[in-house]
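S.K.: Can you keep this structure in mind? I'll have questions shortly.
The values are calculated or read from the model by the stated rules, or taken from the named source; none is laboratory data. Bear in mind that the values here come from a model prediction, so they are computed numbers and not experimental data. All Cβ positions, even for glycine, are placed from backbone atoms using ideal geometry, and neighbour counts span all protein chains on display.
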Amino acid sequence: MTNRRRILTSVLAGLLPAILLASLIETGARLLLTLRPDPLFERAVQDLSGLLSGSGTSFRFISDPRLAYRLKPDFLLQSPDGGITTHNEAGFRTTPFDENLFRDTTFRLLCIGGSTTYGVAVTANETTYPAQLEALLARVPLRPPFKHVRALNLGVGGYTTQEMKETLRDWIGKLKPHAVLIHCGVNDVAPRLFSEISCDYSHFRKPLKLPRITAWQRPLLWSRAATYSAYRLGWIQPLTLQTLTQKQLPRPAAAAAALGKNGPECFRQNVIDMVKMAQDAQAKVLLITEAYLLHPDFEPKDPDAKALEALYQKGLDQHSEALRELTAELNCGLADLARDFPLARWLFVDPIHLNKNGNTVKARLIAHALFPDHIPKGT
């Protein structure tokens, strides 16, 4: 046996125990995750794999220096159920801003909001509430010179009234709406859970920054043991809007104390600014509260998550009441979904987001608030 062969044999003999140990650990990790699956871990792995391939739901957003993030223009995603999500050239989940939009005969509605306007729980654009609202209003006789309605979906998942306000400021002069629909409430609760609050929400918001997968990290994704260890250590996590664009929330006790101290004043002021902006542009304004369903299917199992969920409910109730008060103060309309929406499990996919049928009901309630003489209130 040559010296080279002896050295190689010695090295392999030394590595063999390590290889066997790594194999046992990998087999044990795979068995553990089969017997006790962790959905959040699987989501984290899926998102990281999406970064490597250039796909994944996180890529419907891009960074924005002023808004922290916005929707990616000209985005297209086909879901397994056949639904197609598209964003137009401006980065909104709505039809193109074409020349037909700006004709004198077109009645333009701007739908401002967060994920409940964007329609995060439905896969097809035509099943969002703005699209269904547009279809409903197509049957309404409009006063001259209007012959057509366009309901433009300017909702962006995760947006608070601060980002909604800036979005409206950017687009109201360009789109020249005849009506502005402001659907808000739940996303403004989280900024109130911090002990120190700023009304521009800079204490809460951080700019979108997708993590980069380095060359040495890529092989780790081949090992379930390595990725699960990194997940347990907090080095990887699902790429949600919360983790990517929001600072970490305080613990429930501190969050509860902060919510008790921080009232809805910032929320109110942002809504006031939007209403006045729209009214100055001669647009009719409709404020829309958010429906919330308490149901065992949606109840968090983790005690901390359960405590935070209760804070969201409390804060949302306060914001809904603020919108009711502002309706009278600012002389604008109200679609009070928090009171009028039927709390039926089959309309919801989680406590706040609606499925296709839920959006149908929402669209009808909003259409009634806009044109009560032509659209019955029945759901």
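Each row is one residue, and each column tells you yes or no for (1) among the aliphatic types (A, V, I, L, M); (2) on the phi < 0 side of the Ramachandran plot; (3) out of contact with any Asp or Glu (no Cβ under 8 Å at 6 or more places or on another chain).
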{"residue": "Leu239", "(1), (2), (3)": "yes, yes, no"}
{"residue": "Gln242", "(1), (2), (3)": "no, yes, yes"}
{"residue": "Asp273", "(1), (2), (3)": "no, yes, yes"}
{"residue": "Lys276", "(1), (2), (3)": "no, yes, yes"}
{"residue": "Leu287", "(1), (2), (3)": "yes, yes, yes"}
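S.K.: While we're looking at this one, here's another question. Taking segment 69-84 on its own, how many of its residues are in a strand (DSSP E or B) and modelled with pLDDT under 95?
M.R.: Result for segment 69-84: 4.
S.K.: Further question: Mind checking which residues of segment 260-271 are part of a helix (DSSP H, G or I), surrounded by fewer than 16 Cβ atoms within 10 Å (Cβ to Cβ) and out of contact with any Cys (no Cβ under 9 Å at 6 or more places or on another chain)?
M.R.: Gly260, Lys261
S.K.: Select from segment 317-363 the residues that are among the polar types (S, T, N, Q) and over 14 Å from His183 (Cβ atoms) and write down the one among them that is nearest to the chain's Cα centre (by Cα).
M.R.: Selected residue: Asn355.
S.K.: Moving on to the next point. Just to be sure, is Glu290 at pLDDT 95 or above, acidic (Asp, Glu) and part of a loop (DSSP other than H, G, I, E, B)?
M.R.: Considered against the rule, which asks whether it is at pLDDT 95 or above, acidic (Asp, Glu) and part of a loop (DSSP other than H, G, I, E, B), Glu290 comes out as yes.
S.K.: As an exercise: evaluate Leu330 against (1) within 24 Å of Gly119 (Cβ to Cβ); (2) surrounded by 13 or more Cβ atoms within 10 Å (Cβ to Cβ); (3) among the aliphatic types (A, V, I, L, M); (4) free of Cβ contacts under 8 Å to residues at least 60 places away in the same chain and give the number of the one condition it does not meet.
M.R.: Of (1) within 24 Å of Gly119 (Cβ to Cβ); (2) surrounded by 13 or more Cβ atoms within 10 Å (Cβ to Cβ); (3) among the aliphatic types (A, V, I, L, M); (4) free of Cβ contacts under 8 Å to residues at least 60 places away in the same chain, only one is false for Leu330: (1).
S.K.: Can I ask one more? Yes or no: segment 296-313 includes at least one residue that is in contact with a Leu (Cβ under 7 Å, 6 or more places away or on another chain), surrounded by fewer than 20 Cβ atoms within 10 Å (Cβ to Cβ), in the same structural domain as Pro130 (by TED's automatic domain parsing) and touching a residue at least 60 places away in the same chain (Cβ under 8 Å).
M.R.: no
S.K.: Tell me which residues, restricted to segment 166-188, are of a type in the set (A, V, I, L, M, F, W, C) and either surrounded by fewer than 21 Cβ atoms within 10 Å (Cβ to Cβ) or in a helix (DSSP H, G or I) (or both).
M.R.: Leu168, Trp171, Ile172, Leu175, Ala179, Val186
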